[in-house]
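See below for the structure under consideration.
The values are calculated or read from the model by the stated rules, or taken from the named source; none is laboratory data. These numbers were taken from a predicted model, which means no experiment stands behind them. Please note: Cβ atoms are built from the backbone with ideal geometry, for glycine as well, and neighbour counts cover all protein chains shown. What goes into the accessible areas is simple: the full protein's heavy atoms, side chains included, and nothing from ligands, DNA or RNA. Shrake-Rupley method; radii C 1.70, N 1.55, O 1.52, S 1.80 Å.
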Amino acid sequence: RPIALARANAALSRVDLLCETAGASIFAVLLSRNHPLTCVRLSCAVSLCSLPLLFFLGGAMNRLADGILDRSASAGPAPLERPGRHGSAAVGKAWETIRHGWTEYLRQPVLPASLAYVLVCFNVALAPGALMTTFLIHLGVSASVLGAFGGSSAVVGILATFVTPYLVKELGILKAGAAGLVAQSALLGAAVVVFVTGPVSRRGALFAFLGFIVASRLGHMAYSVIGLQVVQTGNPMGKAKLIGATEIAVASLAELAMMAVAVVAGDAAHFGCLAALSAASVAAAACLFCAWLANPTDDLRRLFPC
């Protein structure tokens, strides 16, 4: 049921975006009424206090989901394993799980789709985040423009969660994913062109630059939902959790690598290079996915017959 799965994934992404938007909005209200240091302390206190709850919910989720992807619903619950007595055994088991996860990840039949998602995660400059916010503050952009940029990006992302199931229904899951990547790549390329051809310190160029980035969030969120569905559909149920967790780890490494490059650059004058790298990574993701689509393997035809 690809349409139902697309709607479920879109609903989860929508809730995630709404929570992020609400959290950022509350922090902005606090920041407008209190000293920044007070807001940072309050944020740290909230994070520390919520950590036990996160551990509890994560454990509950793991217990409730245990065995769902590995066996039929009629099967009994999986037996609980007793923890090992020695730390070395736990470390060895953890290492074996990581090695097995990498092996299964590289062997999955929909690896190009997953790698395309990882390449998209290299885009940390042309996205509403800490790097872009720092650059805009360096340019002297007003707080109202910063707020409008972040808010419009969130609204477009939420809008994408409503559009994605319709795209999957009309185009099919693979063509919808290609459309999202191509749209994001084209819009980010236009943003880089605006950045290079005219100083973004001018009001018109700045609004065009930010507008292209905001519009690109539509393609970004669409492929985030579709890429997840491709991995869910293309892998055996018993391996989906392991492969999905490994993909998240690889994507996090991609973001960390780009942030390291930003730290090494260290100067706002080098932001153009970071923007070009970000746009190039998304373009590479679009090319990889479209090439995979244009030369389908037997596994791809079997998994996605439409």
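Helix 203-234 axis versus longest C-alpha principal axis of the chain: approximately 0°, rounded to the nearest ten.
In the chain, the DSSP-assigned H stretches of four residues or longer account for a calculated mean residue ellipticity at 222 nm of -28500 deg cm²/dmol, using -39500 (n - 2.57) per stretch and the full residue count as denominator. Here is the list for the stretch 177-261: trypsin sites (Lys or Arg not before Pro) lying in DSSP coil, each with at most 15 other C-beta atoms within 10 angstrom of its C-beta, are R202. Across the accessible surface of the stretch 109-298, with the other protein chains kept in place and a 1.4 Å probe, carbon and sulfur atoms take up 72 percent. Output the 0 to 90 degree angle, nearest 10, between the alpha-carbon long axis of helix 271-294 and the longest principal axis computed from the alpha carbons of the chain. Helix 271-294 sits at roughly 40 degrees to that axis.
Candidate cross-link partners of K93 among the lysines, defined by an alpha-carbon separation under 25 Å and a same-chain spacing of 8 or more, comprise K239, K241. Using the 1.4 Å probe convention, the accessible area of the chain works out to 58 Å² per residue with neighbouring protein chains retained. A full extension of the chain between M237 and N34 corresponds to an added length of 68.1 nm, given 0.36 nm per residue minus the alpha carbon distance. What the phi angles of the stretch 143-155 give under the Karplus curve with 6.51, -1.76 and 1.60, with θ = phi - 60°, is a coupling list of 5, 5, 5, 4, x, 5, 5, x, x, 5, 4, 5, 5 Hz, glycine and proline written as x.
Shown is the FRET efficiency for S252 and R203, computed with R0 = 30 Å from the Cβ-Cβ distance and rounded to the nearest 0.05: 0.25. The simple Förster model, with R0 at 41 Å and r as the Cβ-Cβ distance, assigns C19 and A269 a FRET efficiency of 0.70. Helix 130-139 and the longest principal axis of the Cα set of the chain meet at an angle near 0°.
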